[in-house]
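Nothing in this text is a laboratory measurement; each read-out follows from the coordinates by a stated rule. Quantities reported herein were computed from a predicted structural model and do not represent experimental measurements. Note: ideal-geometry Cβ built from the backbone for every residue, glycine included; neighbour counts use all protein chains shown.
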Protein chains: 2
Amino acid sequence: MTSPVEMDIKKESRNYLDHISLDCVVFGFHSNQLKVLVLHMKKTGEWVLPGGFVYEDESIEVAANRVLKVRTGLDQIFLRQFNVFSDPQRSNRNPTVADLLMSGQDHPEASWFNQRFISVGFYALVEYSQVQPQPDELSDICEWVNLDKIGKLMMDHNAILNKALETLRLQLTFQPIGYNLLPEKFTMSELRKLYETIFGKELDRRNFQRKMLAYDILSRLDEVRQGVAHKSPGLYKFNLESYQKALDEGLNGKW
Amino acid sequence: MTSPVEMDIKKESRNYLDHISLDCVVFGFHSNQLKVLVLHMKKTGEWVLPGGFVYEDESIEVAANRVLKVRTGLDQIFLRQFNVFSDPQRSNRNPTVADLLMSGQDHPEASWFNQRFISVGFYALVEYSQVQPQPDELSDICEWVNLDKIGKLMMDHNAILNKALETLRLQLTFQPIGYNLLPEKFTMSELRKLYETIFGKELDRRNFQRKMLAYDILSRLDEVRQGVAHKSPGLYKFNLESYQKALDEGLNGKW
């Protein structure tokens, strides 16, 4: 099988490894909505998560960072492996992926796309305003879609997205979140909205504030949000030292 | 490259996928010690974690369960993916793995072992007394070794073990542990020893008991441990309903 060597913006004479792919669930937060970055395939009209393959001489983390740099323009991304998707049937489709994507017959790379891929899932948390979405060679749109507006995605990409969300939700029970998703200064209400969109439910305003302050990862600033109707809400930022400690040791501290 | 088709107890005419392997960190608990299952390679004298490859028609989870069934005799194992190890240099060795393992010139499978493998790490928690360790075709010993007695392992297997431990330690800050490691009935002191060996440090007896009881996942039994000097300690078992709830939602409950 011939692996496609020039499917990236940088033309390289390297080959991709057989059987290994990666898919990324990129979360952003804007206007109190959790959003996911998706691409629209030219040939099939399907929506997909950003993804790619691994060169023979790179690690899967390097590959994921390379893929996301091309899709978002960002260099330093908060990126975590969360699961490997390896159902032997996950890429069996009719018509085949290669038929659809490469429009076929005399494309030497077509058969490469028809092999079985085991995909490593990553999730990324990015600051929405800094992302410049870029389609890849096979797609004509790359854009943010509100989590609750995501429809049917290609192959098992809905399952990949759901597993990423499940991982984030569990993570919220023991680790802080927000540093990579919110602007530097934010209100307690904006932080609560972030949690609400991840959990998909409303949270009690007072309980949330009490619990969050008890974790001791926020610094209250001497500023208020300007231009808001009624009472101007106070601004917070994360205390990065205690935030990092909570990431390492869990929100409840050491045993 | 020819993939080895008959490297398992069941002779199969299936091929393994190129480039994908799996490694398992199997934890057991006995005599107040956390133990890890390791194999001793016949040809190289090296110690390794139990591992294997993935057949063309199976998922990585099915492969991991198959490998562990052969190594431990156990069918239903608590098994979790925790990380993918993909450093391109991880399997570069001199002499090559194939030279060492297959003692090689005319062995058709030798070159297959020399390719680059991306390995999916799993950790397993098993009840020590039920395991019957079995070496594989390339090893002459399969046995439990105390965590603090594990020396240099092959390739990056020490890093795989350390990452599994780090995962377990973080998990203890938000999820219960013990159900798959302890016998059905246990004392508070036995449960604390389990936590102590995972953390690698002593924990305060009173604090531990207070914290653990507050999680409401234990049922106190109307029995004591017999044949113990001095005061006979009370026995507990896990309340499986609340234990499962704590696994799903985290020990601190829902937001």
Quiz prompt | Farthest positive-ward along the protein assembly as shown dipole, Cα basis, beta-carbon charges - from B:150, A:217, A:22 | solution = A:217
Self-check item: Other copies of residue A:43: label-to-label distances in nm, shortest first, labels 7 Å along the beta-carbon direction
Solution: 4.2
Exercise. Write down the percent of antiparallel bridges among all DSSP beta bridges whose residues are both part of chain A, to the nearest 5.
Key: 75 percent
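Give, rounded to the nearest 20 debye, the magnitude of the charge dipole that chain A has about its Cα centre when Lys and Arg contribute +1 at Cβ and Asp and Glu contribute -1 at Cβ.
1240 debye
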Quiz prompt | Net length gained if the chain between residue B:114 and residue B:31 were fully extended (0.36 nm per residue, minus Cα distance) | solution = 25.9 nm
Quiz item: For region A:186-249, rounded, prolate or oblate, judged on the Cα gyration tensor with a ≥ b ≥ c (square roots of eigenvalues), a/c < 1.5 rounded, else prolate if a/b > b/c?
Solution: oblate
Exercise. Taking each label point as 7 Å beyond Cα in the direction of the beta carbon, state the distances from residue B:75 to the same residue in the other copies, shortest first, in nm.
Key: 5.6
Quiz item: residue A:134 versus residue A:226, label points 7 Å from Cα toward the beta carbon: distance in nm?
Solution: 3.5 nm
Quiz item: If you take the alpha carbon radius of gyration of the protein assembly as shown and divide it by 2.2 N^0.38 Å, what ratio comes out, to two decimals?
Solution: 1.07
